[in-house]
Amino acid sequence: MKTVLGIRDAIRTGESAESIVRACLSKIHAEDEKIGAFLETFDDEAIAEAKEIDAMRERGEDLPRLAGVPIAIKDNMCYKGHIASCSSKMLAEHKAAYDATVIKRLKEAGAIIVGRTNMDEFAMGSSTETSAFKKTKNPWHTGKVPGGSSGGSSAAVAAGFVPAALGSDTGGSIRQPASLCGVTGMKPSYGRVSRYGLIAMASSLDQIGPITHTAQDASLILEIIQGVDEKDATSRDPKDADLPEFVSASFKGLRIGVPKEYFIDGMDKEVRKSIEAAIDLMKTQGAEVKEVSLPLTEYSMPAYYIIQPAEVSSNLARFDGMRYGTRAPGSNLIESYLQARADGFGAEVKRRIMLGNFILSAGYYDAFYKKALAVKTAIHGEFENVFKEVDVLVTPTSPSVAWDLDAKFNDPITMYLSDIFTTTANIAGLPAISVPCGFAEGLPIGLQFIGAFDNDARVLNAAAAYQAITDFHENGPGVE
Amino acid sequence: MPEIELNIDKVAKLSYLKLTDAERKQLAEQLPSIVSYVSKLQEVDTSKIESKAYLTDLNNVFREDVAKMDSAEREAIINGFPKQKGGALEVPGVFE
């Protein structure tokens, strides 16, 4: 299994970065046709950058922390001079005029961005099927979805194309596809990673995070991208900024909470068994496990489906064909806006914009949006109380394994329910990570650790402790 | 809580979306079911809770009000405009 750490160390000790990047790109060109993870690869630059890393090493210079490591980025992150389209026709030709802060930091660390990955259009969806360009397949079974909205990034790591990818998570969009694709995906605490250059979806919920095979790799990437950024007023330096590079992890004495509201009827029996087996294993390793209750859990979905569309409708108001994307013909300015948005946006995007504008309109703003924000605050408070008794929570990431492509697509409520375990961490702003914990019908199952606000290191430690005693994360359809 | 009256055409106008008949019909069917799902929030007593959008304790994160220009970036942005005139964004007339 090729990891960020493994590749980084190999390059430091003399292995050619150029050969690694060439091999990475060859594999993508040979195999991505049947997966559809990438929208575009940046071959020439990636190879040139890799050559420069090799040259630096030959000159005896110190190599930066991620020198030569190939990484993929989700299509909603601005990488200067490259298209960032959010998998939407609206931005199909949009070239970023600047680097997102996370991109800047990764490049300063020597990482090599090899391509941009497919996603649900404007990050709206849980299966990567709403992409205006193509559907991504789950590398474990190409008749199944990879999850979403960071389905391309998750599939790219699962298929062994890259050891790491960046995703973004507003309601589970890193963790759920990571779960369905059998890889590790982490959403940091809100504000830990700068959103500057991330094409905004819901500004009070969005976070960028790493998708990798291991918690160790996730930790390494997070350490590079985290931290206050003067260009993002919601970003800050976290209290536990020093993430150990080799996460020394143990369950001994760790207080684990199992929230009873996350073990619901209708949950796949195999998923439940797998999570319960994992919890038993943690107990044998010295964890103190207790049941806890989060009664407001059932309100996080409605709160999410008010806050997110409301903020989305506001953030997507800028897409009118004037400054970005394709200008639409119209007899006057308003006609031009209407045509650009009618042509540029897919059905799910239009649905959420409509819902959001309705929620924020006069007469409903207080009852819906303000009420949802109050419930959000209440949910955050409820988690804070529970974290006085426990250190981390363990839950399933997804109530089911990957489903068939083209299934469930027309029923919005069913699609929303498949996010039910993940939106709470976004609503409460908490760090959460999904790790592979088993299989059902040959498809990966994910387990989620949720931590208290800014306790990202502790969450990574729990995930690393689990990976030290299991090997689910070492399997993979594309893993060598 | 006000009685929910979902006027699709009014919301479409607020959204700057020109809907086809098929889209209008689909939205008229789907939006009410989502709206009623979210009405569930009225069950939560938040009378003593403040509505906060952002959970962090950051406040008034400002910088000095001095223009900082990256001319390369500015040029990249202008070159990305669908239509430009003398370095300014050219748009259709509001009234034509």
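We did not get these values from a lab; they are worked out from the coordinates using the rules stated. Everything numeric in this text was worked out from a predicted model, so none of it was measured. All Cβ positions, even for glycine, are placed from backbone atoms using ideal geometry, and neighbour counts span all protein chains on display.
Values for this structure:
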{"quantity": "Rg [Å, one decimal], Dmax [Å, integer] - segment A:2-79, C-alpha atoms", "calculated": "13.2, 41"}
{"quantity": "Packing-based ranking, highest mean first, of A:296-305, A:434-443, B:40-49 given that Cβ atoms within 10 Å are counted", "calculated": "A:296-305, A:434-443, B:40-49"}
{"quantity": "Cα-centre dipole for the protein assembly as shown with unit charges at Cβ (Lys and Arg positive, Asp and Glu negative), debye to 20", "calculated": "620"}
{"quantity": "Exceeding the 21 Å Cα-Cα cut-off - candidates A:Lys2/A:Lys27; A:Lys376/B:Lys25; A:Lys350/A:Lys370; A:Lys89/A:Lys144; A:Lys80/A:Lys104", "calculated": "A:Lys376/B:Lys25; A:Lys350/A:Lys370; A:Lys89/A:Lys144"}
{"quantity": "Value of [θ]222 nm, deg cm²/dmol, for the protein assembly as shown, DSSP H segments ≥ 4, -39500 (n - 2.57) each, nearest 500", "calculated": "-11000 deg cm²/dmol"}
{"quantity": "Which of A:Gly344, A:Leu198, A:Ala97, positive extreme of dipole for chain A (C-beta unit charges)", "calculated": "A:Gly344"}
{"quantity": "Angstrom value of the Kirkwood radius, inverse mean 1/r, which spans all Cα pairs in segment A:7-129", "calculated": "15.1"}
{"quantity": "Listed residue (A:Thr297, A:Gly36, A:Phe251) projecting farthest to the positive dipole end of chain A, Cβ model", "calculated": "A:Thr297"}
{"quantity": "Where labels lie 7 Å past Cα in the beta-carbon direction, separation of B:Leu58 and B:Arg74 in nm", "calculated": "2.6"}
{"quantity": "Area projected by the alpha carbon convex hull of segment B:9-96, averaged over all directions, nm²", "calculated": "12.5"}
{"quantity": "Trypsin sites (Lys or Arg not before Pro) within segment A:1-97, DSSP loop, no more than 13 other Cβ atoms inside 10 Å", "calculated": "A:Arg59"}
{"quantity": "Projected label distance in nm at B:Ile4 and A:Ala23, using a 7 Å step from Cα toward the beta-carbon", "calculated": "5.5"}
{"quantity": "Candidates per GluC sites (Glu not before Pro) in segment A:348-396, loop by DSSP, up to 15 other Cβ within 10 Å", "calculated": "A:Glu389"}
{"quantity": "Qualifying trypsin sites (Lys or Arg not before Pro) for segment A:230-294 [loop in DSSP, other Cβ within 10 Å: at most 12]", "calculated": "A:Lys239, A:Lys252"}
{"quantity": "Segment A:13-147, relative contact order [Cα under 8 Å, separation at least 6], %", "calculated": "26"}
{"quantity": "Dipole-positive endmost among A:Phe368, A:Ser331, A:Ala452 within chain A (Cβ charges, Cα centre)", "calculated": "A:Ser331"}
{"quantity": "Spacing of the two label points (7 Å from each Cα toward its C-beta) at A:Glu288 and A:Glu276, in nm", "calculated": "2.5"}
{"quantity": "Unsatisfied cross-links (Cα-Cα over 22 Å) in the set A:Lys135/A:Lys231; A:Lys95/A:Lys187; A:Lys51/A:Lys137; A:Lys74/A:Lys134; A:Lys95/B:Lys85", "calculated": "A:Lys135/A:Lys231; A:Lys95/A:Lys187; A:Lys51/A:Lys137"}
{"quantity": "Proportion of all alpha-carbon pairs of the protein assembly as shown beyond 38 Å (%)", "calculated": "26"}
{"quantity": "Distance between segment B:59-89 and segment A:55-125 - C-alpha centres, whole angstrom", "calculated": "21"}
